[in-house]
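The values are calculated or read from the model by the stated rules, or taken from the named source; none is laboratory data. Values in this document were obtained by computation on a predicted structure and should not be read as measured data. Glycine also receives a Cβ, built like all others from the backbone with ideal geometry; neighbour counts cover every protein chain displayed.
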Amino acid sequence: MECPNENITFWLYTRENEDKPHQMFAMDTDSIKSAPWVPDAPIKVLIHGYTGHKDFSPNTEIRPVYMKCCDYNIITVDYNPIAREPCYIEAARNTELVGMCTAQLIDQLVQQHGFNLSQFHIIGFSLGGQTAGFIGDYVKTGKLDRITGLDPAMPLFVTTDNNKKLDKGDAKFVDVLHTNALEKGKLEASGHIDFYANGGITQPGCKATKNQTKSGCNHARAPQYYAESIITDVGFYGTKCYSWIIYMIGWCEMFNSKDEVIFGEYVPQNANGLYFFSTNSEPPYARGTNQKSRRRRSSNYFQRGIKRL
């Protein structure tokens, strides 16, 4: 595997060139110097999944919201030529190459162009979430501050080898969202903090349509929830629970604290553990804090748990 690779391209978006992205090449100084960088601003790196491209999820959900809210630098990684249908096995294997080449670009920006590694925040959806883990492994200039995995892909990433999947060792802080666990996404906790939306398997309002399977809808909610987290006035607040099983039988409040943590863009980076939140079935999805409804629910938890067992 060699980098740079012609099948992996990098595109910079800012408010100045939102509709006309600037292509950068890791080893081409001019392409980097001539880019319309926002000085000293955060650099968000967005990575698509299987069959995706630079104008596909999570870019279509997250990039416009960042443009609306903040004067950031957005780098979109496009590896569509090596992630096309029907070759999922090859696409999954290629995530390591994409991670390696993206790490090369980041190292060049830090070593040769005066950027600080702390400016970078990697956000990957599905296979892009696993790619983000490889970026963390291959960056040579230090340890990334933050990686966000949005429903990281499960098929071919069920392994005990942390070097072959997204895990909390890939950055100083790794936050993960699960929306379609056991199908397209992983159930396994993969970060310092893992959020499970509506239990992490299925999402309210999702059903099969002419253009999308029910599983695809559940999976696609991950970037939608994250995008909303950037600008919501309500917020997605997850409640801590010891395990996914304890949550599913409805016993979280019997055995755990009542700690709540906000999910998404503004998650506190000292938080850790497993958190669970509910959403609405259609936008806006965020429902705010759980504290107000806790008393009403708590009296029913024990009986619900017994019935589920």
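Listing for the model above:
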| read-out | value |
| --- | --- |
| Any chance residue 279 is surrounded by 20 or more Cβ atoms within 10 Å (Cβ to Cβ), part of a loop (DSSP other than H, G, I, E, B) and either of a type in the set (Ser, Thr, Tyr) or modelled with pLDDT under 95 (or both) | yes |
| Residue pairs meeting the criteria (Cβ under 7 Å; at least 6 apart or on separate chains; first charged (D, E, K, R), in the range 26-45; second assigned to a loop (DSSP other than H, G, I, E, B) and surrounded by 14 or more Cβ atoms within 10 Å (Cβ to Cβ)) | 44/72 |
| When residues of the range 104-126 are limited to those that are free of Cβ contacts under 8 Å to residues at least 60 places away in the same chain and outside any helix (DSSP H, G or I), the one surrounded by the fewest Cβ atoms within 10 Å (Cβ to Cβ) | 114 |
| Some residue of the range 154-165 being over 20 Å from residue 98 (Cα atoms), modelled with pLDDT of 95 or more and not polar (S, T, N, Q) | no |
| Residue in the range 88-103 that is in contact with a strand residue (DSSP E or B) (Cβ under 7 Å, 6 or more places away or on another chain) and surrounded by 23 or more Cβ atoms within 10 Å (Cβ to Cβ) present | yes |
| All positions within the range 38-50 that are surrounded by fewer than 19 Cβ atoms within 10 Å (Cβ to Cβ) and either among the aromatic types (Phe, Trp, Tyr) or over 19 Å from residue 144 (Cα atoms) (or both) | 38, 39 |
| Selection status of residue 188, in contact with a Phe, Trp or Tyr (Cβ under 6 Å, 6 or more places away or on another chain), at pLDDT 95 or above and on the phi < 0 side of the Ramachandran plot | no |
| Elements of type strands (runs of 3 or more DSSP E) in the range 146-221, at least 3 residues being within 22 Å of residue 260 (Cα to Cα) and touching a Pro at 6+ places or on another chain (Cβ under 7 Å) | none |
| Residues within the range 68-91 that are assigned to a helix (DSSP H, G or I) and out of contact with any Phe, Trp or Tyr (no Cβ under 7 Å at 6 or more places or on another chain), tallied | 7 |
